[in-house]
Structure formats: C-alpha cells, structure tokens
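Here the structure comes first, spelled out in structure tokens, and everything after it is commentary.
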Amino acid sequence: MSYITISKDNYFYNLQRVVERVESIEQVAVVLKDNAYGHGLSIMANLAKEFGVKRAVVRNLQEAEEIKELFEYILILAPDGVVERENYFYTINSIDDIYKYGKNINLELKIDTGMHRLGISPMELYFAMNLIKNRSLRLRGFFTHFREADELSSTLFVQRELFKTLKENVIDSCFNDLNIHSNNSAGLFRSGQKISSEMVRVGIASYGYLSGDNSLKFPSLKPVLSLWGERVGGLNYLKKGFRVGYGGVSKVENPKDRLSVYDIGYADGFKRLPEKDIVSRTFQTPNGNYLYGKVSMDSTIFNSHKEDLEIFNSVSDLAKIFNTIEYEILVGLSERIKRRVI
Ligand SMILES: *Cc1c(COP(=O)(O)O)cnc(C)c1O
C-alpha cells in the first residue's frame with residue numbers, strides 16, 4: 001500500500017523557526033485543521049505536544065475531540081456543535097453564533113478586518129459585545145485573519161491598523177485578559193520584529209512551506225511530508241514504440257526502460273497531471289523518475305523497479321503544475337493512506 005512519511009526532524013526544525021519569531025512558545029498555536037493539512041491530525045498533534053506546543057487550532061468539534069487530551073487550548077474555527085470543556089474555545093463568526101452558546105463556554109470573537117469571509121464586521125462590534133455582556137457569556141479571545149499576508153501589498157498594514165484600533169478603542173474598554181491574535185504563517189514571518197504579546201496561528205510554515213511573493217524574505221523551511229508508492233507489478237514485455245497507460249501519451253523509446261505500476265492514483269489525491277507535463281517530464285520524483293501515461297484512479301506507472309518509490313518530498317512543483325497553492329495539494333491527500341513518523 002502507498003504510504004506517507006512524516007519527518008519529525010523537519011517538523012521540529014520548522015517549529016523552531018516559528019519559536020524564534022515570538023517571545024515564548026506559549027504564544028504558538030499550531031493549526032491542525034483538515035487532518036493537519038493532510039499530514040494526519042493525530043500524528044501531528046502528538047509531535048507538536050512533544051515539541052512543547054500547548055495550543056492548537058482545528059476546524060470542527062470532531063477534530064477537537066480527537067486531540068482533546070493533548071493541548072491546554074484548542075480553538076475551533078467553524079464549530080458544528082458544542083461540548084463543554086475547559087480547553088475548548090469556540091469561534092463566534094457571526095451575530096447569530098452568539099445565541100448558540102451558554103454561560104460556561106469559552107468564546108472567541110473573530111472580527112472581519114478586510115478578508116470579507118467570516119467574522120463580525122467592525123460595524124457590528126458594539127452590538128456583538130453588548131449581546132455578549134447582556135447574556136453574561138464568557139468571552140476569552142478576540143482575533144482576525146489577514147487577507148494578503150503572503151502578497152506584497154499594503155492591505156496587510158491596513159488590516160493590522162484596523163485590528164489594533166478596534167482592540168484599543170472598543171475591546172479594551174469592555175473586556176480584559178482576552179487572548180488577542182491575528183497572524184498566520186505569512187503574517188508572522190512578514191512582521192518586522194518578533195511578535196511579543198499576541199498568540200500566533202501557524203499552519204503552512206510548520207509543514208515546511210511559505211509561498212507567496214518571492215521578494216518577501218522568508219526563511220527556508222523543510223517540507224515534512226513525503227508520499228511513497230509501492231510496486232504492484234512490472235511491465236516487462238514492452239517493445240519499442242508501445243504506448244503506455246490511458247490515452248497512450250507516453251511512448252516506450254527503449255525497451256530496456258524498466259517500468260512498474262505503483263499503487264497510487266488520483267483517488268488517493270495524487271492528481272491527474274496534464275498530458276503536456278507527462279510528455280515533457282516536468283514532474284520528476286526526488287530520484288529523477290518520471291511518469292509513463294496518465295495517472296489512473298488507483299495506479300500510476302513510473303520508470304522504476306524499486307519496491308518502494310518516493311513520489312515526492314515536496315509539493316511545490318505539483319502546486320506550480322496545477323497552478324494552485326501547496327495547501328490544496330496537501331489537504332487533497334486521502335485520509336486512507338497510512339502515515340508514519342520517521
Ligand atoms: C488556516 C488558518 C490559519 C493558518 O494559516 P497558514 O497560512 O496555514 O499559516 C490561521 N488562521 C485561520 C483563521 C485559519 O483559518
């Protein structure tokens with residue numbers, strides 16, 4: 001069976017780069033949403049804990065339940081239910097959300113400073129805060145998400161300023177001791193100085209990627225995940241000129257090319273590469289092997305005879321080929337694939 005390896009060394013290396021950007025590891029919350037960006041929720045949660053991280057961010061309640069014993073603080077971004085636990089913190093994404101919770105639930109208010117996705121708008125903030133006060137709810141945090149932290153533009157600075165103003169002029173007059181946070185990976189590495197008081201929510205950088213505008217000076221990080229395929233059979237009868245796989249896009253030039261079928265396909269999240277990239281061999285494995293024919297649902301042919309073939313140890317090339325971001329390739333990796341730490 002195909003499998004995924006998780007490099008503990010690389011993960012710890014990246015977390016160390018993150019810790020260098022803050023005053024204390026207490027400020028670091030690892031973002032483990034969506035199966036830890038495809039890396040495996042439970043595996044990454046345990047590694048983060050081993051490193052000394054005390055805070056995590058997840059998408060929903062089910063993810064929180066899976067890691068509830070591992071962290072002192074778990075922020076649920078898109079809650080789909082309520083369980084009362086001291087270490088659970090529920091995001092208020094809209095005014096309606098405020099009516100969903102009782103007095104003993106930890107809440108954090110997400111303010112929309114320009115992303116225009118989820119969050120309370122600055123215009124609604126007074127209303128939201130009065131509602132929270134009147135209902136004697138337990139507000140514990142106030143945060144925002146930046147729209148273009150990974151692009152060169154002034155929007156980030158506008159959002160930062162708005163967030164600061166709202167915090168100082170509205171929040172501080174009603175609540176104290178709130179957990180304040182705004183930076184994701186790009187925001188953290190883009191900020192000129194160390195982040196001294198806020199919590200940071202770090203996703204992609206911990207997994208070894210920081211994309212975005214290349215002129216932004218980011219440190220080099222180390223991708224954590226590798227995908228491996230296992231050989232399920234060889235193609236030993238090939239003759240010169242044979243065409244291989246769906247569409248017959250690859251032609252055998254040398255019958256001595258040793259081709260094998262590997263048990264990884266687009267059903268596993270190894271996406272179907274465009275024909276031109278197969279023909280021109282844009283995509284290569286770390287050892288220089290390339291695909292023959294199109295990616296099938298459950299299998300792919302490579303010019304290799306190895307029993308275990310490392311298919312990639314970084315998704316940056318694939319993200320470029322598919323004109324997307326590393327996040328999308330990573331989260332697309334099937335949960336079925338076995339993950340193990342190396
Ligand atoms: C996904 C997410 C993050 C993490 O972003 P990265 O770019 O992966 O660091 C942080 N905050 C919120 C609200 C998110 O949804």
Val202 vs. criteria surrounded by 18 or more Cβ atoms within 10 Å (Cβ to Cβ) and assigned by TED's automatic domain parsing to the domain that holds Arg190: yes
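Residues checked against (1) surrounded by 18 or more Cβ atoms within 10 Å (Cβ to Cβ); (2) free of Cβ contacts under 8 Å to residues at least 12 places away in the same chain; (3) within 16 Å of the ligand (Cβ to nearest atom); (4) not charged (D, E, K, R):
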{"residue": "Arg281", "(1), (2), (3), (4)": "no, yes, no, no"}
{"residue": "Pro286", "(1), (2), (3), (4)": "no, no, no, yes"}
{"residue": "Tyr292", "(1), (2), (3), (4)": "yes, no, no, yes"}
{"residue": "Val295", "(1), (2), (3), (4)": "yes, no, no, yes"}
{"residue": "Ala319", "(1), (2), (3), (4)": "yes, no, yes, yes"}
{"residue": "Thr324", "(1), (2), (3), (4)": "no, yes, yes, yes"}
{"residue": "Ile329", "(1), (2), (3), (4)": "yes, no, yes, yes"}
{"residue": "Glu335", "(1), (2), (3), (4)": "no, no, no, no"}
{"residue": "Lys338", "(1), (2), (3), (4)": "no, no, no, no"}
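Given Ala64, Ala48, Ala78, which one is under 19 Å from the mean Cα position of the chain (by Cα), within 30 Å of Asn313 (Cβ to Cβ) and within 16 Å of the ligand (Cβ to nearest atom)?
Details: Ala64 fails: within 30 Å of Asn313 (Cβ to Cβ); Ala78 fails: within 30 Å of Asn313 (Cβ to Cβ).
Residue meeting the stated conditions: Ala48.
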Residues that are without any contact (Cβ under 8 Å) to a residue 24 or more places away in the chain and more than 28 Å from Glu328 (Cβ to Cβ), drawn from the stretch 210-242: Asn236, Tyr237, Leu238, Lys239, Lys240, Gly241, Phe242
Helices (runs of 4 or more DSSP H) (entirely within the stretch 80-186) containing at least 2 residues that are basic (Lys, Arg) and in the same structural domain as Lys33 (by TED's automatic domain parsing): 155-166
Of the criteria (1) crowded, with 20+ Cβ neighbours inside 10 Å; (2) in the same structural domain as Val252 (by TED's automatic domain parsing); (3) not β-branched (Val, Ile, Thr), which one Lys306 fails: (1)
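Give the residues of the stretch 149-181 that are near the ligand (Cβ under 9 Å from one of its atoms) and either at pLDDT 85 or above or loosely packed, with under 15 Cβ neighbours inside 10 Å (or both), sorted by residue number. Before the answer, list the steps.
Let us first name the residues in the stretch 149-181 that are near the ligand (Cβ under 9 Å from one of its atoms), namely 149-150, 181.
Residue satisfying the conditions is His181 alone.
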Subset of the stretch 188-210 [near the ligand (Cβ under 10 Å from one of its atoms) and in a loop (DSSP other than H, G, I, E, B)]: Gly203, Ile204, Ala205, Ser206, Tyr207, Tyr209, Leu210
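Take the conditions open to solvent by less than 30 Å² (accessible area, probe 1.4 Å), over 25 Å from Asp112 (Cα atoms) and touching a Pro at 6+ places or on another chain (Cβ under 8 Å) and apply them to Gly208. Does it pass?
yes
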In the stretch 184-230, the residues that are at pLDDT below 95 and at positive phi: Gly212
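Would you tally the residues in the stretch 1-53 being among the charged types (D, E, K, R), under 22 Å from Pro219 (Cβ atoms) and surrounded by 19 or more Cβ atoms within 10 Å (Cβ to Cβ)?
Looking only at the stretch 1-53, we keep the residues that are among the charged types (D, E, K, R), and these are 8-9, 17, 20-21, 23, 26, 33-34, 49-50.
In the following step, the residues that additionally are under 22 Å from Pro219 (Cβ atoms) were identified as 8-9, 17, 20-21, 23, 26.
From the residues that got through so far, the ones that are surrounded by 19 or more Cβ atoms within 10 Å (Cβ to Cβ) too are 17, 21.
Here the count works out to 2.
The values are calculated or read from the model by the stated rules, or taken from the named source; none is laboratory data. Remember, predicted model here, so these are calculated numbers, not experimental data. No Cβ is skipped: glycine too gets one built from the backbone with ideal geometry, and neighbour counts run over all protein chains shown. Note: areas computed on protein heavy atoms with side chains; ligands, DNA, RNA excluded. Shrake-Rupley method; radii C 1.70, N 1.55, O 1.52, S 1.80 Å.
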